[in-house]
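Engineer: To start, I am sharing the structure in question, which I have written as structure tokens.
The values are calculated or read from the model by the stated rules, or taken from the named source; none is laboratory data. The model shown is predicted, which means the values in this text are computed figures rather than measured ones. Cβ sites come from the backbone with ideal geometry, for glycine too, and all protein chains shown count toward neighbours. The accessibility values were calculated without ligands, DNA or RNA, using every heavy atom of the protein model including side chains. Shrake-Rupley method; radii C 1.70, N 1.55, O 1.52, S 1.80 Å.
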Amino acid sequence: MTPEQVLKHFFGYDAFRDNQKPLVTQILEGRDVLGVMPTGAGKSVCYQVPALMRPGVALVISPLISLMRDQVRALEQAGVAAACLTSAQSIAERSAILRDMLRGRYQLLYVAPERLQSRGFRAVCQKISLALVAVDEAHCVSQWGQDFRPSYLQIAAFLQELPQRPPVCAFTATATERVRADIIRLLGLHDPFLLVSGFDRPNLRFFVAQPEDKLSALMAELAARSGQSGIVYCLTRRTVDDVYGVLRSRGIAAARYHAGLDSQVRSAAQEDFLYDRCRVMVATNAFGMGIDKPNVAFVIHYQMPRDLESYYQEAGRAGRDGQPADCILYYHAADVRLCRFLIENNRELSDDLDEEESGRRLQRDMDRLRRMQWYCRTTDCLRQTMLHYFGESAPAYCGGCSNCGTSWVWQDATVDAQKVASCVYRLAQRGRTVGKRFLIEILQGQRTERVEQAGLDTLSTFGVMRGQSTYHIRYVLDSLIAQGYLTCRAEDRPIVQLSARSGDILKKRMPFSVKMAKGVRTVPRQDTGMGAVDDRLLVALGETCDRLARRAGVPSFSIFPNTVLREMCLRRPRSIDALTRIPGVSAHKAKRYGQAFLDCISAYQRRHSEKEN
């Protein structure tokens, strides 16, 4: 079978996406590869198709038990012999899987990186032929990535022990140039074929809001999205528990997920979400890596994440089915303080680092936090800001984010900029530097204890912006920093200092403007490109899918996602052969489930015809 035939037979698609085929081809030729592709771009197909074509068992290294189970469940529904080895299984279960592995029963086996340290497992791998080794979420190997896991560092040693090294393929959705270099070096990839596809997800719309009452804003959003599945991300376990409690008390079918919960509770929550028994998941970032739920219609960040890598990955869990989905971020200055606290007190990954390396890590994390904060405060297109961060060019207007949906007007702020810069200058004359909040207190003329103890109420610029709101002063200050007229470096707090360009404001008195919101336009919904469908038939097909899924013990989308059901509505196939021509309907699924859907369409058309007569 050709790669296209394998793709059609097992996964129901006639052709690969543009970025999938080169990776598949290189793996089949025995070459190592590194694929950096956005969530929803079909990374798993890139190694699953070669795994079904090369002799031996494909070993897939994945970071989470839930992710492994999801992948195995989907492959089994496609008619592929797959299994996973996890710590949640009994010794007898794991032994049986290893015996079947030796007998060549499986085509793909999923394991966590910690499993590679097992002598028994390594011994089995050295006795069999490995078709390939795939490393999912490969950015976890790098200390410069946002999800570093030390166990990933054992992968290279495991590969070196194999009698015959198979092709190794690494995949991730988020990796800067430095992280990509780390992946290649730390996994020991041999002259890998590198493919970095675009980070843009056109079906996602990005919004940043600064509500005075986050909980009220969240309730309004959920009320407007009744019946949709979504994720609400929080920074801390306590916030997850608080938000979850409020949602449940107000009758919203919500689940919660964080590392402080018992593993069985977490597993049950994830199952409830996957099976649509709960439509909203409230969680920390412990939830969702590789989550394969295609119909997530929205992701709301109740608190700002620590960096854009994390935000992009978490927001990207929306719209995996290609349908329009919304990514909403609630921003508040308190979020920045919380992020800074979490960064400064994160000793989990720093214990093995020397003082110099630890300092560099802290500085890097603070730099990424500032970029995240700027994303929340910028008036530029959010999609462009996001893509620029990952090194891609993008138009200045996307038409689908909250900034592009806002009317802006440039407002002269020259005098205010001079006041802010002059205050920093007067502080420097006294040999003093202060953080943003302290600087704002001085500008507003607040006689706080620390202002008076430092004698800074005698500055000529003390109270020079009295009466101005904190938001306005901070906005001007951040704009000055963003445009290079001031600098802000992080030690124990963000320190504001003069820059080489400060003289343009202080001495040359150059004009300075800021962009202010004038009004909000309605952001048009994106065209799905799928055409209108009969909603009643879609509901009937969905009910058929739910019934088959309950019988098989899998989520409904494991039978067919909503995109496939919509195509059935449009095409209304009358035969199994016609059904298999719909993208996403494999031969195995058509044979196993197809007749039930054909019967549903036929019965619906008969009822509709009888009503017309």
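Engineer: In Å, what is the Rg of the alpha-carbon atoms in segment 542-613, and how long is Dmax?
Structural biologist: Both quantities, over Cα of segment 542-613: 12.3, 40 Å.
Engineer: What is the percent of Cα-Cα separations in the chain that go past 44 Å?
Structural biologist: Every Cα pair in the chain considered, those over 44 Å come to 27 percent.
Engineer: Please report Rg (one decimal) and Dmax (integer) in Å for the Cα set of segment 122-256.
Structural biologist: 21.5, 62
Engineer: What whole-number distance in Å separates the alpha-carbon centres of segment 20-46 and segment 216-252?
Structural biologist: 36
Engineer: How large is the Rg to Rh ratio of segment 254-345 when both quantities use alpha carbon positions and Rh follows Kirkwood?
Structural biologist: Rounded to two decimals, Rg/Rh equals 0.98.
Engineer: Rounded to the nearest Å, what's the spacing between the alpha carbon centres of segment 432-479 and segment 570-613? Just the number, please.
Structural biologist: 69
Engineer: For residue 596 and residue 536, what does the FRET efficiency come to when R0 = 25 Å and r is the distance between their Cβ atoms, rounded to the nearest 0.05? Each step should come with its number before you reach the end.
Structural biologist: On the way: r = 18 Å, r/R0 = 0.71.
Computed FRET efficiency for residue 596 and residue 536 comes out at 0.90.
Engineer: Please sort 95-101, 199-205 by packing, taking for each peptide the average over its residues of neighbouring beta carbons within 10 angstrom, highest first.
Structural biologist: Packing order, densest peptide first, comes out as 199-205, 95-101.
Engineer: Any idea of the accessible area per residue across segment 459-513, 1.4 Å probe, to the nearest Å²?
Structural biologist: On the way: 2720 Å² over 55 residues.
Roughly 49 Å² per residue, with all protein chains present.
Engineer: Now a separate question. Expressed in nm², what is the orientationally averaged projection area of the convex hull enclosing the Cα positions of segment 3-52?
Structural biologist: Approximately 3.2 nm², given one-decimal rounding.
Engineer: Under 5 Å between amide hydrogens, which residues at least 5 positions from residue 255 or on another chain qualify, with H placed 1.01 Å from N in the peptide plane?
Structural biologist: Amide H to amide H, under 5 Å and 5 or more residues apart or across chains, residue 255 pairs with 280, 281, 282.
Engineer: Given Cα pairs under 8 Å that are at least 6 residues apart, what percent is the relative contact order of segment 250-371?
Structural biologist: Once normalised by length, the contact order is 21 percent.
Engineer: Something else: So if the hydrodynamic radius of segment 338-453 is defined as the Kirkwood radius over C-alpha pairs, what does Stokes-Einstein give as its diffusion coefficient at 20 °C and 1.002 mPa s, in µm² per second?
Structural biologist: On the way: Rh = 18.0 Å.
After rounding, the answer is 119 µm²/s.
Engineer: Still on this model: Under a crude label model (7 Å from the Cα following the beta-carbon direction), how far is residue 371 from residue 246 in nanometres?
Structural biologist: 3.1
Engineer: Further, regarding this structure: Each label point is 7 Å from the Cα along the Cα-to-Cβ direction; what then is the distance between the points at residue 575 and residue 495, in nm?
Structural biologist: Here the modelled spin labels are 7.8 nm apart.
Engineer: When only C-alpha pairs under 8 Å and at least 6 residues apart count, what is the relative contact order of the chain, in percent?
Structural biologist: Result for the chain is 13 percent.
Engineer: Leaving ligands, DNA and RNA out of it, report the carbon-plus-sulfur percent of the accessible area of the chain at a 1.4 Å probe.
Structural biologist: Accessible surface attributable to carbon and sulfur in the chain totals 47 percent.
Engineer: In Å², what does the accessible area per residue of segment 114-253 work out to with a 1.4 Å probe? Write down the numbers at each step before the final one.
Structural biologist: Working: 6130 Å² over 140 residues.
Accessible area per residue: 44 Å².
Engineer: Here is a follow-up. Find me the longest stretch of the chain that has none of the exposed GluC sites (Glu not before Pro), where exposed means in a DSSP loop (not H, G, I, E or B) with at most 16 other Cβ atoms within 10 Å. Don't skip to the answer; put the middle values down first.
Structural biologist: Details: sites that count: 29, 212, 348, 392, 491.
It runs 30-211.
Engineer: Excluding ligands and nucleic acids, what accessible area in Å² is computed for residue 292 using a 1.4 Å probe, to the nearest 10?
Structural biologist: 40
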